[in-house]
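**Q** First, the structure itself, so that you have it in front of you.
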Amino acid sequence: MTVTTRFAPSPTGILHVGNVRTALHNWLWARKHGGRFLLRIDDTDLERSREEYVGGIRADLAWLGLDIDGEERQSARFALYEAEFEKLKAAGRVYACHETPEELDIRRKVLLSRGLPPVYERKPEGAPVPEGVVPHWRFRLDHDAPIEWTDMVRGPQHFEPKTMSDPVVRRADGSWLYLLPSVIDDIDMGVTHVVRGEDHVSNTAAQIQMFEALGAKPPAFAHEALLVGAEGKLSKRLGSLGMAGLRGEGIEPIALVALLARLGTSDPVEPVTSPVPLIESIDFARFGRAPARFDEGELALLNQKILHHTDHAAVADRLPAAITEARWNAIRPNLMTVAEAADWVPVFDGPFSPPPAEAADGVVLDAAAAAAPAIDWANDPWHALTGAVKEATGAKGRALFLPLRRALTGRDHGPDMAELLPLIDKDMAVARFSAA
Ligand code: GLU
């Protein structure tokens, strides 16, 4: 059986990091097993679903590198749902209900006030049906069949169907709720592993009986602990943190992938430049039960670390032409984002005016301006230059290096000067020493 997973977002908003994490785990699992990763657009709610969000979901997955092996839309599959629904109806596993929301609400309150669980009470067989009320539909749980599964994250799970309400699967207007179409699709698409958030655990209990009622073996389930903000809560910020925003901040897709793959697992977050090690290592048994904490600061830091060993070829299409491979290699240990590379173009090619030097540094800079023209720029000019200046002035350490670095780059910190200097035109370097 081909391992088949699916990511099933409702196109009612943009994907946030929490959704993306679920998508990623499904993708990693499918890739690890040479299987299929499907995108299922859960757009049964035609009112709230928007085409622009469908486009956004596809674009975000593509940006993250999560390639899909097929896409389905629930809105194109209503005929299948109808047919399966009729089968369940004929078998007595779905039944018509006529209560109004108000009646249900009162009943709930009565039960709660008596200290009883607010479980839906079925009407006795043959109870009178109110006239003129269009029914909605519930799935009849089998009270005699305890529900059990071994969750890949949570271990053995047990639910007593007697303690659960028969779930509503279809509204009076004929529209579908999430539960049943999802099961019908998982069967029809051959889904072998359902990976989703732990907020779906009780849905799973009901859905397992739906799989069985439709004559199918339920898939394996992995319910992952939810993602929370660094402060430990499901923050508003996290819920609204979309891919466009992260991309705008200079976050590389692989940084987000590297973080979300391992967050909340017992495997360390590592600055990988390819998803291959993440595919190899994914293992739901190593996922923790506590909420995973997402920290934007940690993401920024990981992004930076990843850039430090990212090859020029991987980012060349986003770099100014002036940032050649050698220049990229010199500056990448100091970048937070790829976009920052552009700030270095004037350092290499001008126009660049060094900041005014401190009086005490004048001697060093004059010596550098005097020594530089005779230095062979093709052969480790930094050591030749600092050697000559040291000999001429007696300056050493910080007093020697800092004025030169400042005059050349305008900064106190930055790339290894031995690597950087040969990449700056010699005449330009001399001019900077004289001008500073
Ligand atoms: N559309 C559902 C959701 O976004 C899918 C849940 C599932 O993976 O089955 O919650």
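The values are calculated or read from the model by the stated rules, or taken from the named source; none is laboratory data. Keep in mind that this is a model prediction, so the values were computed, not measured. Cβ sites come from the backbone with ideal geometry, for glycine too, and all protein chains shown count toward neighbours. For accessibility, only protein heavy atoms count, side chains too; no ligands or nucleic acids. Shrake-Rupley method; radii C 1.70, N 1.55, O 1.52, S 1.80 Å.
**Q** For the stretch 46-170, would you read off the P(r) tail past 22 Å as a percentage of all alpha carbon pairs?
**A** Of all Cα-Cα distances in the stretch 46-170, 60 percent exceed 22 Å.
**Q** Something else about it: Which far-off residues, 5 or more places away or on another chain, put their amide H under 5 Å from the one on ILE41, with H placed in the peptide plane?
**A** HN-HN under 5 Å from ILE41: GLU72, ARG73, GLN74.
**Q** Of the DSSP beta bridges with both residues in the stretch 156-293, give the percent that are antiparallel, rounding to the nearest 5.
**A** 20 percent
**Q** Amide H of VAL195 versus every other amide H placed in the peptide plane: which residues, excluding those fewer than 5 positions away on the same chain, fall under 5 Å?
**A** When sequence neighbours closer than 5 places are left aside, the close amide H contacts are ARG6, ALA222.
**Q** Also, quick follow-up: Using DSSP to call loops (not H, G, I, E or B), can you name the trypsin sites (Lys or Arg not before Pro) in the stretch 304-342 whose Cβ has at most 16 other Cβ atoms within 10 angstrom? Walk me through the numbers before you get to the answer.
**A** Working: sites: LYS305, ARG318, ARG327; in loops: none.
Qualifying residues, ordered by number: none.
**Q** Oh, and also: Of all the accessible heavy-atom surface of the stretch 217-282, with the other protein chains kept in place and a 1.4 Å probe, what percent is carbon and sulfur?
**A** On the way: 1660 of 2800 Å².
In the stretch 217-282, the share of accessible area belonging to carbon and sulfur is 59 percent.
**Q** Let me ask another. Using all C-alpha to C-alpha distances in the stretch 321-428, build P(r) with 10 Å bins and read off the rounded percent in each one.
**A** 14, 49, 31, 7
**Q** Can you give the three extents of the C-alpha atoms in the stretch 107-177 along their principal axes, from longest to shortest, in whole Å?
**A** The principal-axis extents, from largest down, are 47, 33, 22 Å.
**Q** What value does the chain have for Rg/Rh, both radii from Cα atoms and Rh as Kirkwood defines it?
**A** Here Rg/Rh amounts to 1.19.
**Q** Enter the angle in degrees (range 0 to 90, nearest 10) between the Cα long axis of helix 381-393 and the first principal axis of the Cα atoms of the chain, meaning the one along which they spread out most.
**A** Helix 381-393 and the main axis of the chain meet at about 50 degrees.
**Q** Give me the percent relative contact order of the chain, please, defined on Cα pairs under 8 angstrom at least 6 residues apart. All intermediate terms of the calculation are to be shown ahead of the outcome.
**A** On the way: 638 pairs, mean separation 56.3, N = 436.
Taking the mean separation of contacting Cα pairs over the length of the chain, I get 13 percent.
**Q** Write out the GluC sites (Glu not before Pro) in the stretch 5-70 meeting two conditions: DSSP loop, and at most 11 other Cβ atoms within 10 Å of their Cβ.
**A** GLU47
**Q** Would you mind telling me the antiparallel percentage of the DSSP bridges in the chain, rounded to 5? Can you show the working numbers first?
**A** Values: 14 of 29 bridges.
Around 50 percent antiparallel, to the nearest 5.
**Q** Any idea what the dipole of the stretch 245-357 comes to, in debye rounded to 20, about its Cα centre with Lys/Arg Cβ at +1 and Asp/Glu Cβ at -1?
**A** Taking the Cα centre of the stretch 245-357 as origin, the dipole is about 180 debye.
**Q** Using θ = phi - 60° and the Karplus curve 6.51 cos²θ - 1.76 cosθ + 1.60, what whole-Hz ³J(HN,Hα) does each residue of the stretch 100-107 get, with Gly and Pro shown as x?
**A** Each residue's phi maps through the Karplus curve to give 7, x, 5, 4, 4, 5, 4, 4 Hz.
**Q** Hey, got the dipole for the stretch 223-291? About the Cα centre, +1 on K and R Cβ, -1 on D and E Cβ, debye to the nearest 20?
**A** Roughly 340 debye, rounded to the nearest 20.
**Q** Positive end of the charge dipole of the chain (Lys, Arg +1 and Asp, Glu -1 on Cβ, about the Cα centre): tell me which of PHE433, TRP149, PRO320 has its Cα farthest that way.
**A** Selected residue: TRP149.
**Q** Let me ask another. From largest accessible area down, sort ASP43, ASP188; use a 1.4 Å probe on the protein chains.
**A** Largest accessible area first, the residues go ASP188, ASP43.
**Q** Still on this structure, please answer the following. Ratio of alpha-carbon Rg to the 2.2 N^0.38 Å globular estimate for the stretch 162-255, to two decimals, please.
**A** Ratio of Rg to 2.2 N^0.38 Å for the stretch 162-255: 1.42.
**Q** Tell me, what % of the accessible area of the stretch 60-121 is carbon and sulfur with a 1.4 angstrom probe?
**A** 58 percent
**Q** Measure off, as a whole percent, the carbon and sulfur share of the 1.4 Å-probe accessible area of the stretch 366-417, all protein chains present.
**A** The value for the stretch 366-417 is 50 percent carbon and sulfur by accessible area.
**Q** Tell me, what ³J(HN,Hα) does each residue in the stretch 281-291 have, in order and in whole Hz, if you take phi through Karplus 6.51 cos²θ - 1.76 cosθ + 1.60 with θ = phi - 60° and put x for Gly and Pro?
**A** Each residue's phi maps through the Karplus curve to give 9, 4, 7, 5, 5, 9, 8, x, 8, 7, x Hz.
**Q** Using the heavy atoms of the protein chains alone and a 1.4 angstrom probe, what is the accessible area of the chain per residue in square angstrom?
**A** 48 Å²
**Q** Expressed as a rounded percentage, what relative contact order does the stretch 186-288 have, with Cα pairs under 8 Å and six or more residues apart?
**A** Here the relative contact order equals 21 percent.
**Q** Evaluate the charge dipole of the chain about its Cα centre and quote only its size in Debye, nearest 20, assuming +1 on the Cβ of each Lys and Arg and -1 on the Cβ of each Asp and Glu.
**A** Using Cβ point charges on Lys, Arg, Asp and Glu, the chain gives about 800 debye.
**Q** Further question: What are the semi-axes of the equivalent ellipsoid of the stretch 256-385, taken as the square roots of 5 times the eigenvalues of the Cα gyration tensor, listed largest first and rounded to whole Å?
**A** Equivalent ellipsoid of the stretch 256-385: 43, 17, 13 Å, largest first.
**Q** Another question, then. Taking the dipole about the Cα centre of the chain, with the C-beta of Lys and Arg at +1 and of Asp and Glu at -1, give me whichever of ALA83, VAL201, VAL347 is farthest to the positive side.
**A** Final value for the positive-end residue is VAL201.
**Q** Hey, another quick one. Using only the alpha carbons of the stretch 330-380, what is the convex hull's orientation-averaged projected area in square nanometres?
**A** 5.2 nm²
**Q** Report the equivalent ellipsoid semi-axes for the stretch 1-99 in whole Å, largest first, defined as the square roots of five times the eigenvalues of the gyration tensor built from alpha carbon atoms.
**A** 29, 19, 11
**Q** Determine, for each peptide in 278-291, 26-39, 242-255, the mean count of other beta carbons within 10 angstrom over its residues, then list the peptides with the highest first.
**A** Ranked by mean Cβ neighbours within 10 Å, highest first: 26-39, 242-255, 278-291.
**Q** Based on Cα coordinates alone, diagonalise the gyration tensor for the stretch 281-340, multiply each eigenvalue by 5, take square roots, and list the semi-axes in whole Å, largest first.
**A** Output for the stretch 281-340: semi-axes of 32, 13, 9 Å.
**Q** Hey, what do the phi angles of the stretch 407-417 turn into as Karplus ³J(HN,Hα) couplings, whole Hz, using 6.51/-1.76/1.60 and θ = phi - 60°, x for Gly and Pro?
**A** Ordered by residue, 3J(HN,Hα) equals 5, 7, 10, x, 10, 7, 10, x, x, 4, 5 Hz.
**Q** Take every DSSP beta bridge whose two residues both sit in the stretch 127-225, then give the antiparallel share in percent to the nearest 5.
**A** 60 percent
**Q** Do the alpha carbons of any pairs in LYS390/LYS426; LYS305/LYS390; LYS162/LYS217; LYS87/LYS109; LYS32/LYS87; LYS109/LYS162 sit beyond 25 Å of each other, and which pairs? Write down the numbers at each step before the final one.
**A** Details: LYS390/LYS426 19 Å; LYS305/LYS390 34 Å; LYS162/LYS217 22 Å; LYS87/LYS109 34 Å; LYS32/LYS87 36 Å; LYS109/LYS162 19 Å.
Cα-Cα > 25 Å for LYS305/LYS390; LYS87/LYS109; LYS32/LYS87; rest within.
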